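Report on the structure given below.
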Amino acid sequence: ALQRNQVGWDWFGLNTKNGASITLFKLRNAEGANDFISGSFYHPDLGYTYLSADDISIKESAFWQSPKTKVQYPSLWELSIRSKNFSATIKPRIPDQEIVDEGSAIKAYWEGAVASEDE
């Protein structure tokens, strides 16, 4: 549930070429800043590591506007995990992956497949 000053969230699940799995979650406020960010990092040789906000940097660098709802969603993310010396550019596989459900408490959101150069 979003707080009154929060306008959206970004969630990522990535599997990398070297066998690592990354899961990240962040909440965005109305000013575009991160309100909350957390995640985990898994590698078969290293096990699980929980990531704090100090480890993670996610910056939106492009946006896509829905022709249906006129809502603007992030469409290019620059991801960095300092403690793992990891960085990636993440982009949607196709731009229009908006889900619209008038019967839901959240009328529309974007959820879909993404790609990175590290896949």
Members of the stretch 46-86 that are touching a residue at least 24 places away in the same chain (Cβ under 8 Å), of a type in the set (A, V, I, L, M) and either touching an Asp or Glu at 6+ places or on another chain (Cβ under 8 Å) or on the phi > 0 side of the Ramachandran plot (or both): Ile58, Val71, Ile81
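For the stretch 67-90, give me the residue count where each residue is part of a loop (DSSP other than H, G, I, E, B) and either within 15 Å of the chain's Cα centre (by Cα) or not charged (D, E, K, R) (or both). First the steps, then the outcome.
At the first step, the residues of the stretch 67-90 found to be part of a loop (DSSP other than H, G, I, E, B) are 67-71, 85.
When the remaining residues are screened for being either within 15 Å of the chain's Cα centre (by Cα) or not charged (D, E, K, R) (or both), the result is 67, 69, 71, 85.
Within the stretch 67-90, residues that are part of a loop (DSSP other than H, G, I, E, B) and either within 15 Å of the chain's Cα centre (by Cα) or not charged (D, E, K, R) (or both) number 4.
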Note: among Arg4, Arg28, just one is closer than 26 Å to Lys107 by Cα, among the charged types (D, E, K, R) and touching a strand residue (DSSP E or B) at 6+ places or on another chain (Cβ under 8 Å), namely Arg28
Taking the stretch 5-22 as the search range and keeping residues that are of a type outside the set (Gly, Ala, Ser) and under 20 Å from Tyr73 (Cβ atoms), which one is most open to solvent (accessible area, probe 1.4 Å)? Trp11
Which condition from (1) touching a strand residue (DSSP E or B) at 6+ places or on another chain (Cβ under 7 Å); (2) touching a residue at least 24 places away in the same chain (Cβ under 8 Å) is the one that His43 breaks? (1)
Candidate set from the stretch 38-66 (those that are surrounded by 15 or more Cβ atoms within 10 Å (Cβ to Cβ) and outside any strand (DSSP E or B)); member that is farthest from the chain's Cα centre (by Cα): Ser66
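May I ask you to list the residues in the stretch 12-27 that are touching a residue at least 40 places away in the same chain (Cβ under 8 Å) and more than 14 Å from Ser116 (Cα to Cα)? Steps first, please.
Our first condition is that a residue be touching a residue at least 40 places away in the same chain (Cβ under 8 Å); within the stretch 12-27, this holds for 12, 14-17, 20, 22, 24.
Matches in the stretch 12-27: Leu24 only.
The values are calculated or read from the model by the stated rules, or taken from the named source; none is laboratory data. Everything quoted here is computed from the prediction, not taken from an experiment. All Cβ positions, glycine included, derive from the backbone under ideal geometry; neighbour counts span all protein chains shown. Just the protein is used for accessible areas: all its heavy atoms, side chains included, with ligands, DNA and RNA removed. Shrake-Rupley method; radii C 1.70, N 1.55, O 1.52, S 1.80 Å.
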